[in-house]
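For reference, the structure discussed in these notes is given below.
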Amino acid sequence: MKKEYTYISKNTLQYVYLHDCDCAHMYYAENCLIFEMEWMEILREHPQNPFSQAYQSGAGRIELFQPKIIECTLAIKDNKNVRSVETVQELDYYGLEFLEYEQECRKSDGYYAELFLIFDRDSCYDNIFLKIEYQWSTVAWNTFNGVSWIECI
């Protein structure tokens, strides 16, 4: 992780709620799938959340190490076609919003996750669905900005 962050945790994605969180850039670099996040919802159970409630973070970053695509489809807006993405090296997209992130731990060989993200309205893409395996993850951010919206529902 090149940029310095105040809070960095390993394998804690189960304590981060990503629904409706904006991802400025998703890309592959240095054997990592990287999500540059505009904010994240840090659940109260997260080991680095000092509050008794979920809090929204400031800008941050999620890294999935040694990723391998199991399945990935990219929906194109204008012609409604779907194209497959075969390798993580092809992943380089801007202006996304998480609708779903489901992760499970596989004790002997890392993690498995399913992600569904939509693109902002200026994109030529509609959405991306990704099933991925990875060895470990990091979550990093600098600030807690206030009580999360999920505490209000």
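The values are calculated or read from the model by the stated rules, or taken from the named source; none is laboratory data. Keep in mind that what you see is a predicted model, and the values were worked out from it rather than measured. A quick note on method: Cβ atoms are made from the backbone with ideal geometry, for glycine too, and the neighbour counts reach across all protein chains shown. The protein model used for the area step is the full one, side chains on, heavy atoms only, and it has no ligands, DNA or RNA in it. Shrake-Rupley method; radii C 1.70, N 1.55, O 1.52, S 1.80 Å.
Just a few scattered comments:
- Any chance Ile42 is under 14 Å from Trp141 (Cα atoms) and surrounded by 13 or more Cβ atoms within 10 Å (Cβ to Cβ): yes
- When the range 99-126 is filtered for residues that are open to solvent by less than 50 Å² (accessible area, probe 1.4 Å), within 24 Å of Ser57 (Cβ to Cβ) and either touching a helix residue (DSSP H, G or I) at 6+ places or on another chain (Cβ under 6 Å) or among the polar types (S, T, N, Q) (or both), nothing remains.
- Of residues in the range 95-133 being touching a residue at least 40 places away in the same chain (Cβ under 8 Å) and of a type in the set (Ser, Thr, Tyr), the one farthest from Phe65 (Cα to Cα): Ser123
- Restricted to strands (runs of 3 or more DSSP E) entirely inside the range 54-144, those with at least 1 residues that are under 16 Å from the mean Cα position of the chain (by Cα) and modelled with pLDDT of 95 or more are 55-57, 60-65, 68-76, 92-106, 110-119, 125-134, 136-141.
- The range 51-69: number of residues that are farther than 20 Å from Glu114 by Cα, in contact (Cβ under 8 Å) with a residue 12 or more places away in the chain and open to solvent by 20 Å² or more (accessible area, probe 1.4 Å): 5
- Of the residues making up the range 1-31, those that are over 19 Å from Phe119 (Cβ atoms), among the aromatic types (Phe, Trp, Tyr) and either part of a strand (DSSP E or B) or open to solvent by 80 Å² or more (accessible area, probe 1.4 Å) (or both) are Tyr7, Tyr17.
- Odd one out for Ile34 among (1) free of Cβ contacts under 8 Å to residues at least 60 places away in the same chain; (2) open to solvent by 40 Å² or more (accessible area, probe 1.4 Å); (3) not small (Gly, Ala, Ser): (2)
- Top-ranked residue of the range 78-98 - restricted to ones that are of a type in the set (Val, Ile, Thr) and surrounded by 14 or more Cβ atoms within 10 Å (Cβ to Cβ), ranked as farthest from Leu13 (Cα to Cα): Val85
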